[in-house]
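Please treat every number below as a calculation from the coordinates, not as lab data. Quick caveat, the model's predicted, so the values are computed rather than measured. Here the Cβ positions follow ideal geometry from the backbone for every residue, glycine too, while neighbour counts run over all protein chains shown.
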Amino acid sequence: MGLVGCSGSESPPEGEANDSSSTTTGQTGSFGATSSGTTGANSGNTSNSSNSAIGGVPCTNVRPTGTEWDEATCDQWASETNECNMAWMVNNNYCNESCGRCNSGGTATSSGGAGSTGASNATTGGSVPGDIDCNAPMPSGGQHHSGNGRGGSGNLAWEIWSNMGTGDMTTFDVPAFSAAWNNSGDYLGRLGYEWGNNPQPYTAHGNIIAQFVSRKSGTAGGFSFIGMYGWTVDPCIEWYIVDDSYNTMPVNPGNTTNMGTVEIDGGSYIMYTRHTTGTGGSRCSGVSSWGQYYSVRTTARDCGQISLTEHFDAWESLGMPLGGLLEAKILIEAGGGTGSIDFPIANVMLTR
């Protein structure tokens, strides 16, 4: 088929992982994000807090009203949407503190919220989509995890799985992680959203996008995928968005059906489907044979935006149906070798 990499080989799935404990290696860091914006007049609504000021305007955390999501707190608006930089939020002084326009320590910040590094606090995805610092540094400190396990919440939910039960991962209090493996068999490290207890159609989450920056070293065996990953139930589907690989792009997982090519995020993606039994079992109860969907970018990239909902829409239009979404995470999968990868930005975001 003219594709180089893992053609003819099968990349097995990860299946369910067991919880494991982890040890803290140091204090976590944060990205120093900046962006532009203009704070307008105070809306006059009652604030939840009043701390430092920006140009004489109180640092408030006024929760938006009259929206389709009035029950949300300011922290939810900041961490689960991309609205912090929108004019209706800025001009009405909604969620100034949660959106990073000021803070309780008395230091004013940029009125536009999070910026090019993609995060201003633990879970925010408040930067303008596409505004990514491809030279972003790794945060300091972090928490180290070894062996199969999972943890975290929001868009900081992490998981390690390998069919040999080995491999390492370091997570932070911002959407970033590093991963390492040493002949770990099929190793998967990933970070993002986990909805395993409440799977819903992808459309229930609004528009799902991700921003990533990756820096890889070492080797990753006969197959490898860098991008996004997840599962759905009813039907049971294991899905991949592949933007890069330790192998030559575009990779082909093998034994696939080519469903066509779609333009998304400024690049061409080949859509593949196949059936598999894997080696680690599925995330679907009682299912031992399931479908896999792949969107494989024809040219590799290590920095950019992945418009996940557009991939899901494309799959549906090509007769590749999806069920209740269990997870949506930034992924490294390595089929062997000894290597490591840093993701200074691994930010999965839900916009409404």
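Packing here is the average count of other Cβ atoms within 10 Å per residue, and on that basis the peptides 284-292, 132-140, highest first, run 132-140, 284-292. Less than 5 angstrom separates the built amide H of A157 from those of G192, E194, all sequence-distant by 5 or more or on a different chain. Under 5 Å between amide hydrogens, built in the peptide plane, is the criterion, and for N247 it picks out S224 among residues at least 5 positions away or on other chains. Sorting 259-267, 296-304, 81-89 by average packing, meaning the other beta carbons within 10 Å per residue, from highest down gives 81-89, 296-304, 259-267. Proximity of backbone amide H atoms, modeled 1.01 Å from N, is registered between D186 and N163, M164 at under 5 Å, excluding neighbours fewer than 5 places apart on the same chain. Please work out the C-alpha center-to-center distance from region 142-170 to region 223-302 and express it in whole Å. Computed from Cα coordinates, the inter-centre distance equals 21 Å. Sorted on the mean count of surrounding Cβ atoms within 10 Å across their residues, most packed first, peptides 200-211, 165-176 read 165-176, 200-211.
Using bins of 5 Å that start at zero, the share of Cα-Cα pairs per bin across region 221-352 amounts to 2, 10, 21, 24, 22, 14, 6, 1, 0, in whole %.
For region 135-145, 3J(HN,Hα) computed residue by residue from phi via the Karplus equation (6.51, -1.76, 1.60; θ = phi - 60°) reads 9, 4, x, 6, x, 8, x, x, 10, 8, 10 Hz, glycine and proline entered as x.
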